[in-house]
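Q: Input: one structure, supplied below.
The values are calculated or read from the model by the stated rules, or taken from the named source; none is laboratory data. Here the structure is a predicted model, which is why all the values come from computation and not from measurement. A quick note on method: Cβ atoms are made from the backbone with ideal geometry, for glycine too, and the neighbour counts reach across all protein chains shown.
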Amino acid sequence: MNYLILDDEPIARRRLRRLMSEFDHFTCVAEAADGAEALQLCELNSPDLVFLDIAMPGIDGLEVAGQLREKMPECKIVFVTAFAEHALRAFDLLAEGYLVKPIDKERLVALLEHIYGEQMQRLQYQVGHDTRWVAVSDILVARSDERYTHIYFNGGEALIDIPLKKLMAAYPRHFVQVHRNTLVKKQAVLSLESVEGCHRVRLEGFAEPITVSRRAAASFKSLF
């Protein structure tokens, strides 16, 4: 999905773009520093999602949103504001939500999940020439090697080209990191075992015990 950022502050645009770069689902097609430029770029690029700073010189984010609602009704709109009280006006314009500066990553994840729902909760993989999808909720283990990430889920396994770091950033409520190259499903955890100084976690629906690093073991215990 393609998105556009409207903000007159370059630092704010860079921060949001950096946060969004952790999601493979999204590609930034343009950035705008004022409302008139944003409207032109939206017409040229037809983004699926637009982040609009409300307080802008000239044409502000609210006015841009009003015009986008008329011209591009399918485009999703998220307001970015330093003032939470702008939220009520934002929803009057049928925006999908708002973010308060400085943007919190967990709030961003929750908002994207709210907007895109099932699309955010599925991962694509290839079997030969066929494209298939797996629900994130079905993934029990994700392991990385030098090139790919191996995922193991209810009913099979697959290779995907999404790094563990991005998986963890996109689905922090689903996964917990137990090793530098391994994520496991939080809700599948049955037990954490310690045998001769080695830590292993057992998962429901997954026969093999998973090694937990010493560093991860301490923080892992606090989650349960």
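Q: Being surrounded by 12 or more Cβ atoms within 10 Å (Cβ to Cβ) and at positive phi narrows it down to one of G156, G128, G197, so name that one.
A: Going through G156, G128, G197 in turn, the sole match is G156.
Q: Still on this structure, I have one more. Considering only residues that are in a loop (DSSP other than H, G, I, E, B) and out of contact with any helix residue (DSSP H, G or I) (no Cβ under 9 Å at 6 or more places or on another chain), look in segment 159-185 and name the one that is surrounded by the fewest Cβ atoms within 10 Å (Cβ to Cβ).
A: D161
Q: Another question, if that's okay. Pull out all pairs, ordered by first then second residue, where Cβ-Cβ is under 8 Å, the residues are six or more apart or on different chains, the first lies in segment 192-216 and is closer than 16 Å to V141 by Cα and assigned by TED's automatic domain parsing to the domain that holds H179, and the second is basic (K, R) and surrounded by fewer than 12 Cβ atoms within 10 Å (Cβ to Cβ).
A: L192/K221; S213/R180
Q: Now, a different point. For segment 20-54, name all the residues that are under 16 Å from I115 (Cα atoms) and in a helix (DSSP H, G or I).
A: Across segment 20-54, the qualifying residue is only M20.
Q: Moving on. How many residues are of a type in the set (V, I, T), touching a strand residue (DSSP E or B) at 6+ places or on another chain (Cβ under 6 Å), surrounded by fewer than 19 Cβ atoms within 10 Å (Cβ to Cβ) and at pLDDT 95 or above when one looks only at segment 1-55?
A: 1
Q: Tell me, which residue of segment 111-126 that is part of a helix (DSSP H, G or I) and closer than 24 Å to T149 by Cα is modelled with the highest pLDDT?
A: L112
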